[in-house]
Every structure is written in structure tokens, then in C-alpha cells.
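Asker: Pasting in a structure now, in C-alpha cells, and then I'll have a few things to ask.
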Amino acid sequence: MKKSMKIACFAFAGAMVAAVPAMLVGCGDSAVDLSKEVNKDISYMTEHVYNKLDTDWTFASMSKENKENFYTLVGDVKAEDKGFKIGNKAYDGEEYKLSVGLDKNVNAPRYYVEENKLYVASYFLSLKSDSEGRMKCSYGNTNFDLIISTNAKADVKAGNASKISTNEITAVANKANEYDVTVNDSRALFKLDFTSNNKVVKPKLFITEQVNNYAATESSEARSTIKYGFTAEEVKDEGWLGFYAVGYGSNKNDSYSRDYTIMPVGYKAITIKLNITQVAQA
């Protein structure tokens, strides 16, 4: 798969070894640039998958072409290695749904290993790179230093989609990209607006990850839910992303936090934190 791409260097027990001949890779302190591969896959998904599928993709049913346009080859790993991490955070190899419009999904793991090569879903790489578009990840004892995106940085601001909304949203003092959200009307939209280099930008498509974190209660343990999506701007040519903090029409007292990561297509990903309180509605 993707034989033309660069493959990352990796370390075993402190010794630096090239996965392929050294002339093909950037070694030492140089990160390997996978940004073209990732962007190419996202462009493919935009043109051929989003709002285009007649049926769900599953990992088992995906063709070789499907996989080549969904996963990026990161590099070689050892057969005995186990466990994928980004920084110090471990990620499992279970299948997750990526919503791709028209109520269709791609049901596939975020990464897999085949013939001692590590492949990671390109949408997942785009969401998990840092603010500089970089990523340090590992599989077992094999370490990778990667460039995922060379796109411009995106900044985000959250607010109400309608001036007459009774929902409340307030930026948390001294905490970047964190908001307290009170939902008095679960039918009213919130919105995310984007800027880059202090100028308003209007992305048309977004890849998103929503992680909802629920605190422990007397009757339940702490838990998290996760959801991935490929979605479009809420209003054509306005470039903002609409979202409901709770389920549409939901009516109960509840509270939780959401880590909401958004990759506006064409820009680097950014994460905001929403501290959500829902008020039961009369």
C-alpha cells in the first residue's frame, strides 16, 4: 500500500534503525512528513465517501483501494510488538464508527498492523496531531516522529447560533478554548466559528471527535463515550459548525464535559472543552 510514501524511522532499545534504505527517509531528529498522504486520503473521502455511500463500509468489506484511501502507512513494526500510543495515551484496536453522511458509517479500527507494517486511519491522524501538526506515536517499542499537517492553524470560538436562544455559553476565564454551557432549550443550536491568522475563514467540511466525560455517581462509575463524524458546514457558504450540546429535544437534568476536537478540512485540528449543564425543561 502507498509504496511511494516515506516511512518513519524507529528506535529499538535506543538504536536508530531505518525501516527502509536511509536515502528514502528522514532520520535522526527529523520528523517524517506524512501530510501529503493524509491530505490525499481526506480529499478522497471528501470526493468519494462523504454523502456518497449506499451502504456502510466495514473493515472486512473494504477493498484494497478503500483501505489505501482510508489508512496511512506509518512504518515498520516488530512482530512481537503490541499497543499503539500517541504520546503516553494508549488507543485500542477496536472498530469505531465514522459517520460519513446520509446515515452511513465507516466501521473500522483506528489502526491495524499487517505484515509488520502499522497503518493508521488518516482522519484519526488529522485529529490527533498537535497544534503544530506534529505527532509522536509508538507501537510497542517502535517510536515514530511524524508531521501530519502543514496546513494553517485554526482557531475556534463557540456561541449561540441564534440571538434569541435561551441557552447560555460563557468562556472560562484564564483557560483557552474552554466554555461553560447551560442548556435551557435542547432544540436550540450552538455554533463554532473559525479564524486563521486573525481572519475569518469558512470551511465547508469538518472531521470531528466528541468525547463526553461523565463523573461517577452513587449509582454509576465514571465513564466516557466517543463519537467520530465527517460533516458539513451548517449553512452553505457561512462556514460555521452547528452542534447540539445534548440530544435534540432531550429533557432532563444532567451534567458532563465534552472534549470536542474539530479538524476543519484545509486547516489543523483544534480542541475545545465544553462543561455542559442541562436544565430539565418545563
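Asker: Treat each spin label as a single point 7 Å out from the Cα along the C-beta direction, and report the GLU221 to LYS153 distance in nm.
Answerer: 3.9
Asker: While we're on this one: With springs only between Cα atoms under 10 Å apart, run a GNM on the chain and tell me which of LEU205, LEU146, LEU53 wobbles the most.
Answerer: LEU53
Asker: What ³J(HN,Hα) values, in whole Hz, does the Karplus curve 6.51 cos²θ - 1.76 cosθ + 1.60 give for the stretch 67-84 when θ = phi - 60°, with x put for Gly and Pro?
Answerer: 5, 5, 9, 10, 10, 9, 6, 8, x, 7, 10, 7, 4, 7, 6, 9, x, 9
Asker: For a quick check: with amide H placed at 1.01 Å from N, whose amide H comes under 5 Å from LEU205's, ignoring anything fewer than 5 positions away on the same chain?
Answerer: The answer is GLU233, VAL265.
Asker: Give the residues of the stretch 256-282 whose amide nitrogen is closer than 15 Å to a point set 7 Å from the Cα of ASN160 in the direction of its Cβ.
Answerer: Output list for this probe position: 279.
Asker: Tell me whether the stretch 129-250 comes out rounded, prolate or oblate; compute the Cα gyration tensor, take square roots of the eigenvalues as a ≥ b ≥ c, and use a/c under 1.5 as the rounded threshold.
Answerer: Judged from the Cα gyration tensor, the stretch 129-250 comes out oblate (a/c at least 1.5, b/c at or above a/b).
Asker: Taking the alpha-carbon distance from LYS64 and a cut-off under 15 Å, which aspartates and glutamates remain once sequence neighbours fewer than 8 residues away in the same chain are dropped?
Answerer: Candidates past the 8-residue exclusion: ASP41, GLU114, GLU115.
Asker: Counting helices only, and only those DSSP H runs with n ≥ 4, report the 222 nm mean residue ellipticity of the chain as the sum of -39,500 (n - 2.57) divided by its residues, in deg cm²/dmol to the nearest 500. Provide the component values of the computation, followed by the final result.
Answerer: Working: 3 runs with 26 residues, N = 282.
The per-residue figure over the chain is -2500 deg cm²/dmol.
Asker: For the chain, with the dipole built from +1 on Lys and Arg beta-carbon atoms and -1 on Asp and Glu ones, taken about the Cα centre, which of ASN213, MET62, SER131 lies farthest toward the positive end?
Answerer: After comparing all options, I get SER131.
Asker: Apply the Karplus curve 6.51 cos²θ - 1.76 cosθ + 1.60, θ = phi - 60°, to the phi angles in the stretch 234-248 and return the couplings in whole Hz, x for Gly and Pro.
Answerer: 5, 10, 3, 6, 9, x, 10, 9, x, 8, 9, 5, 10, x, 4
Asker: Hey, what's the chain come to in accessible area per residue, 1.4 Å probe, Å²?
Answerer: In whole numbers, the chain has 52 Å² accessible per residue.
Asker: Per-residue HN-Hα couplings for the stretch 31-38, Karplus 6.51 cos²θ - 1.76 cosθ + 1.60 at θ = phi - 60°, whole Hz, x for Gly and Pro?
Answerer: Ordered by residue, 3J(HN,Hα) equals 6, 8, 8, 9, 4, 5, 5, 4 Hz.
Asker: Please state the charge dipole magnitude for the stretch 27-112, taken about the Cα centre, from unit charges on C-beta atoms (+1 on K and R, -1 on D and E), reported in debye and rounded to the nearest 20.
Answerer: Values: 12 positive and 16 negative charges, 23 e Å.
The calculated dipole for the stretch 27-112 is roughly 120 debye.
Asker: Going by Cα centres, the stretch 199-248 and the stretch 128-173 are how many Å apart?
Answerer: 12
Asker: Give me the percent of the accessible area of the stretch 178-254 that comes from carbon and sulfur atoms, probe 1.4 Å, all protein chains in place.
Answerer: So the carbon and sulfur contribution to the accessible surface is 45 percent.
Asker: Compute the label zone of SER43 within the stretch 121-155: residues whose backbone N is under 14 Å from the point 7 Å along Cα-to-Cβ.
Answerer: 150-151, by backbone N distance to the label point.
Asker: Set the bar at 28 Å for Cα to Cα. Now go through LYS104/LYS175; LYS85/LYS191; LYS67/LYS89; LYS136/LYS236; LYS36/LYS175; LYS202/LYS227 and name every pair that lies beyond it.
Answerer: Too far apart for the 28 Å limit: LYS104/LYS175; LYS85/LYS191; LYS136/LYS236; LYS36/LYS175.
Asker: For PHE59 and THR170, what is the calculated FRET efficiency with R₀ set at 41 Å and r taken between the beta-carbons, to the nearest 0.05?
Answerer: 0.45
Asker: Amide H to amide H under 5 Å from ASN143: which residues, 5+ apart in sequence or cross-chain, H placed 1.01 Å off N in plane?
Answerer: Placed amide hydrogens put ALA11 under 5 Å from ASN143.
Asker: Express in nm, to one decimal, how much length is gained between TYR248 and GLU114 on full extension, taking 0.36 nm for each residue of separation and deducting their alpha carbon distance.
Answerer: Roughly 44.1 nm would be gained on extension.
The values are calculated or read from the model by the stated rules, or taken from the named source; none is laboratory data. These figures come from a predicted structure and were not determined experimentally. Cβ coordinates were reconstructed from backbone atoms using ideal geometry, including for glycine residues, and neighbour counts include every protein chain displayed. In case anyone asks, the SASA skips ligands and DNA or RNA and just uses the protein heavy atoms, side chains included. Shrake-Rupley method; radii C 1.70, N 1.55, O 1.52, S 1.80 Å.
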